[in-house]
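One structure below.
The values are calculated or read from the model by the stated rules, or taken from the named source; none is laboratory data. The model shown is predicted, which means the values in this text are computed figures rather than measured ones. Every residue, glycine as well, gets a Cβ built from its backbone with ideal geometry; the counts of neighbours run over all protein chains shown. When the accessible area is computed, the model is the full protein with side chains, heavy atoms only, and any ligands, DNA or RNA have been set aside. Shrake-Rupley method; radii C 1.70, N 1.55, O 1.52, S 1.80 Å.
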Amino acid sequence: MKLFKITFLLVVLFVASADAFAATWTGKLTLHRVYTAASTVYVQTSPSSAHINPDGCKAASNYAMDPEATLFNERYQLLLTGLVSEKTVSLELSGCLGSYPKVTKVILYK
């Protein structure tokens with residue numbers, strides 16, 4: 001019975017921690033600017049786009065991308081393409097990078 005209780009507790013903790021780190025998608029956004037500063041790429045959406053901040057990061061306006069992340073260059077290229085072509089994008093956010101919600105995936109729409 002003790003082993004069952006320990007196993008049950010571990011499963012509950014695992015599921016709870018997985019939910020805590022679940023990613024959130026922004027929905028379609030219009031890009032306003034993409035810029036670099038202090039070895040990070042920042043994404044700013046148009047003022048009419050609602051700012052999504054699922055993990056309660058301190059910043060209230062921009063999103064950030066980690067230049068050390070896998071597929072960083074591809075995400076950066078998609079953002080620049082979306083900005084120049086005035087296409088909408090959707091960003092997956094997971095955690096914070098500094099004070100900003102961290103972008104982990106990008107979808108570029110037609």
Q.
Restricting to the stretch 50-65, name every residue that is part of a loop (DSSP other than H, G, I, E, B), more than 10 Å from the chain's Cα centre (by Cα) and surrounded by 17 or more Cβ atoms within 10 Å (Cβ to Cβ).
A. C57
Q.
Just to verify a result, which residue in the stretch 73-91, among those that are of a type outside the set (A, V, I, L, M, F, W, C) and in contact with a Phe, Trp or Tyr (Cβ under 9 Å, 6 or more places away or on another chain), is most open to solvent (accessible area, probe 1.4 Å)?
A. K87
Q.
Which pairs turn up if I take residues in the stretch 99-110 that are over 15 Å from T30 (Cβ atoms) and outside any strand (DSSP E or B) and look for partners that are open to solvent by less than 60 Å² (accessible area, probe 1.4 Å) and of a type outside the set (G, A, S) with beta carbon separation below 8 Å, at least 6 apart in sequence or on another chain?
A. S99/C57
Q. Do any residues in the stretch 26-37 that are more than 21 Å from P54 (Cα to Cα) have Cβ atoms under 6 Å from those of residues that are of a type in the set (F, W, Y) and not in a loop (DSSP other than H, G, I, E, B), where the two are at least six apart or on different chains, and which pairs are they?
A. Y35/Y42
Q) Would you call K110 among the basic types (K, R) and exposed (fewer than 13 other Cβ atoms within 10 Å of the Cβ)? A) yes
